[in-house]
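One structure is given here, and the rest of the page talks about it.
Each reported figure results from applying straightforward, stated rules to the coordinates on display, with no laboratory input. Everything quoted here is computed from the prediction, not taken from an experiment. Cβ placement follows ideal geometry from the backbone for every residue including glycine, while neighbour counts extend to all protein chains displayed.
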Amino acid sequence: MSNVCEICGKKKFYGARIIRRGLAKKKGGIGMHVVKVSPRTFEPNIQSVRVVDANGAVVRKKVCVACIRSGKVQKAC
């Protein structure tokens, strides 16, 4: 559970890398065909930042960049 955002709970999830082969129909071919599907993971961009807590204390939290950019956390100077 080390790569999870402490604010929104964003974590890694699984998907697939799809390999296609052939010439597309709009380029005059018979279409793209799926040759291989291999699993992959999508990792969130987690940063360890010093954050001002609700009661004014400075604590270190693991926060995703989306939460930092949107202003959900206030960084300590």
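So what is the calculated 222 nm ellipticity per residue for the chain, using -39500 (n - 2.57) for each DSSP H run with n of 4 or more, over all residues, to the nearest 500 deg cm²/dmol?
Values: 1 runs with 6 residues, N = 77.
One gets -2000 deg cm²/dmol as the mean residue ellipticity at 222 nm.
The label-point distance for LYS36 and SER2, in a model that sets each label 7 Å from Cα toward Cβ, rounds to 3.0 nm. For VAL51, nonlocal amide neighbours, meaning residues 5 or more places apart or on other chains whose placed amide H falls under 5 Å from its own, are VAL59, ARG60, LYS61, ALA76.
Share of pairwise Cα-Cα distances greater than 19 Å in the chain is 56 percent (whole percent). Taken over the chain, lysine pairs spaced eight or more positions apart, or on distinct chains, with alpha carbons under 15 Å apart number 10. Here the Gaussian network model covers the chain, with springs between Cα atoms less than 10 Å apart; of LYS11, LYS62, LYS36, LYS36 fluctuates the most.
Find out how many positive minus negative residues lie around VAL52, taking Lys and Arg as positive, Asp and Glu as negative, among other residues whose Cβ is under 11 Å from that of VAL52.
Numbers: positive: ARG50, LYS61, LYS75; negative: ASP53.
With Lys, Arg at +1 and Asp, Glu at -1, the neighbours total +2.
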